[in-house]
Each structure stands twice: as C-alpha cells, then as structure tokens.
1. Within the range 198-213, is there a residue that is out of contact with any helix residue (DSSP H, G or I) (no Cβ under 9 Å at 6 or more places or on another chain), open to solvent by 70 Å² or more (accessible area, probe 1.4 Å) and assigned to a helix (DSSP H, G or I)?
2. Sort out which residues of the range 87-122 are closer than 11 Å to Leu157 by Cα and over 18 Å from the mean Cα position of the chain (by Cα), and write them in order of number.
3. Can you tell me which residue among Leu291, Leu296, Leu330 is modelled with pLDDT under 95, of a type in the set (A, V, I, L, M) and open to solvent by less than 30 Å² (accessible area, probe 1.4 Å)?
4. Conditions: (1) surrounded by 16 or more Cβ atoms within 10 Å (Cβ to Cβ); (2) free of Cβ contacts under 8 Å to residues at least 40 places away in the same chain; (3) touching a helix residue (DSSP H, G or I) at 6+ places or on another chain (Cβ under 6 Å). Gln186 meets all but one. Number of the miss?
5. Within the range 118-157, can you find the residues that are assigned to a strand (DSSP E or B), open to solvent by less than 10 Å² (accessible area, probe 1.4 Å) and closer than 25 Å to Lys180 by Cβ?
6. So which residues in the range 36-80 are open to solvent by 50 Å² or more (accessible area, probe 1.4 Å) and without any contact (Cβ under 8 Å) to a residue 12 or more places away in the chain, if there are any at all?
7. Any residue at all in the range 53-72 that is under 16 Å from Glu283 (Cα atoms) and part of a helix (DSSP H, G or I)?
8. With the structure loaded, tell me whether Glu88 is open to solvent by 40 Å² or more (accessible area, probe 1.4 Å) and part of a loop (DSSP other than H, G, I, E, B) or whether it fails that test.
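The values are calculated or read from the model by the stated rules, or taken from the named source; none is laboratory data. Predicted model, so just to flag it, every value in this text is computed and none were measured. Cβ placement follows ideal geometry from the backbone for every residue including glycine, while neighbour counts extend to all protein chains displayed. Calculation scope for accessible area: heavy atoms of the full protein, side chains included, ligands and nucleic acids excluded. Shrake-Rupley method; radii C 1.70, N 1.55, O 1.52, S 1.80 Å.
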Amino acid sequence: MSFTYKDNTIHKKTIKGIKNVVGKIYGKAVNLIKIGSTASPSKPNKICIELTNRCNLNCPFCLVGQQDQKESVAHDSIEREMSGMDMELCKKIITSARDFGLKEVNLTFQGEPLMFKRTNFIKLVKIIKQNGLKAIVYTNGLLLDRDYSRKIIKAGLDECRFSVDGITQDVYALNRVGGKYSQVYQNMKDIVQVAQEEKSAIKLIWQFIAMRNNEHQIDEARLIANKIGIKFEVKTFAASVPELVPKDSKYQRTLKPPPCHDIYRQVMVYWNGDVVPCCYDLEGLEIMGNLNDSSLSEIWNGSKFQIFRERLNNVLQNPEGEPELCKGCLKYDSPSKA
C-alpha cells in the first residue's frame, strides 16, 4: 500500500520512521516534565566546593538571597563559622563526585577560593583532572601572580572566571570593597599571556555584574577585555540591594517562572562537608547531609533531598509548601505570581 501526494510516494516504511521520530520527541518531552518528580533520573552535572568561606574582600551584595533576613548582605555579615576545608575531605568529595557521575567541580562557593593554601589548591586541580572531571574556579583575581597563574594552568585548570565590576578604582571599589582594580587588571592580563605561552586551552572569562553604579562602564570594559584577550560576559544583578539594580532594562534580571530547576544542575558543599541544595543557602537552612559521613549519591537519593525537591516541584499546586529558603529567591518568581 502507498499514498501519493504531488507525485511523491510515501511508503509504510517512511510513515514508521516518522512515528519513531515523533515518539522520541515525545519521550524527551516527558523526561523534561518528569524532572520535578522525586523519582526523576535527573541529577546534577556539577558540584561546588567551598574551600573556604573567608574572603579578602567585603562586597556589599555578597549574601545573595539573605536580603529579607539581614540588615546587611555584605560578606562580613555571614554568621557561619569561618574556616577552610580539610584536604582529605576535599579528596573524598572529588572521588564521590566522580562515582556519582558528575562532570564538573567548581572550587568555589562562599568566600575566595584562592585564599586556600596554594600548594593544596594546585594539588586539588590535579586530582580533579586525574579523576576525569572538569576543574573550574570563580575568583576576584587579586591573589594571583604570574608564577601562581602558570602553576594553576599547568595543573590543568579548565576555566577561571574573574569577578570584576568596574574599570576605574572609584567604581570598582564600590562593588569589590577592599580591592585594587589595577592589580586585578594586571593579573587578568598576565594569565592570558601565560596561557598563550603554555599553549593552554583554559577558558578565561571576565564576568562583569551590571549594577547602577557601573553600567555606564560596560561598553568600555568590553573593549578592554578584547584588548587583553579575555572573554567578556555581563551578568545580571541578583537584587539583594535594590538600590544597585541597573537603570537600563537590558541589564535587569528577568525572574524565571517556578518551579525551580537549578537544584538539578548543581549541589553545594560547605567547608565542613555539609551539602545544601542551592547557592542561596548561605547559612545552612536546608542541610541535606554531610560528605564526611555519606556519599554524594546517598545524600542526593536520600529522603531529605527527595522531600525538598518534591516541595519545590509542587510549589504551583501547593505554594504553602515552598521551603523558607526559597521565599527570598532572586532567580525564580514567587509561585503566587506564576
């Protein structure tokens, strides 16, 4: 049997092929819908490790998501104990991440990761690479120099993202309190040159958070980045300080509709091994387990994490069940507005 349409013959075999394609598309759509269920096969791609929650700066917008609970969201207002992660725990977490099937390790959460002991930081990058994972760091860049940059690059770091939000000292110092723009500019310039010398494929990024006090410098900052050979990205401001929201609408953040999907993309680990579900959980409101005692797989598949995900997945049907942590979210809109 065959059908004719405009002199083109469509055979049963062709129809079967079309059905297969449609079936695959439908299956993918179902999997996307299922991402919210506690039985979902979905799991994070990345783990963020807090090597330390100490910082050499005191940025006034640091404690993102805490704007409803604190008078100040500057870094110095953090209430958790300040310390750094034990090296043996670092190694255990990297192994657990590998065994769980993750692909990336970001050596950053709260604090400045390059305040971690230099020799240990380099060792960690090597261990991450030995385990077949991608090694990433987000930094304010002030603690680098040419020699340290070379050692990090030779260790195999895959990506280094610099947080620099201004191109003059007066503007930069408003946002990166305690920092020196000329110093971080030189460090970015140096690491680009070192990467070229080492023929490294490391991804180097200048991340510029757009705020009211610096949005007028974005175009010039992009030119400077092009000049020194570093990729430039503008990041929207999470409005932990409303007065800093940029005036230009193209730099303003548009909140995503709930439910949240970020909890399926990465997990966060404090310096003491506590696992929290979100980068906005800076004070341990939703601790899911501790990697000193459990594997990442055990924590992710544990009842506490499953219940938390279920509460978020059902937030449109049951707004009252929204976790307290999520009520100050600056990425996703309130379920009452959805």
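1. No, the conditions are met nowhere in the range 198-213.
2. Phe121, Ile122
3. When all the criteria are applied, what remains is Leu330.
4. Tallying (1) surrounded by 16 or more Cβ atoms within 10 Å (Cβ to Cβ); (2) free of Cβ contacts under 8 Å to residues at least 40 places away in the same chain; (3) touching a helix residue (DSSP H, G or I) at 6+ places or on another chain (Cβ under 6 Å), Gln186 fails exactly one: (3).
5. Taking the range 118-157 first, the residues assigned to a strand (DSSP E or B) are 134-139.
Then drop every residue that is not open to solvent by less than 10 Å² (accessible area, probe 1.4 Å), which leaves 135-137, 139.
Those that are assigned to a strand (DSSP E or B), open to solvent by less than 10 Å² (accessible area, probe 1.4 Å) and closer than 25 Å to Lys180 by Cβ: Ile136, Val137, Thr139.
6. Result: Ala39, Pro41, Glu71.
7. No: the range 53-72 contains no residue that is under 16 Å from Glu283 (Cα atoms) and part of a helix (DSSP H, G or I).
8. no
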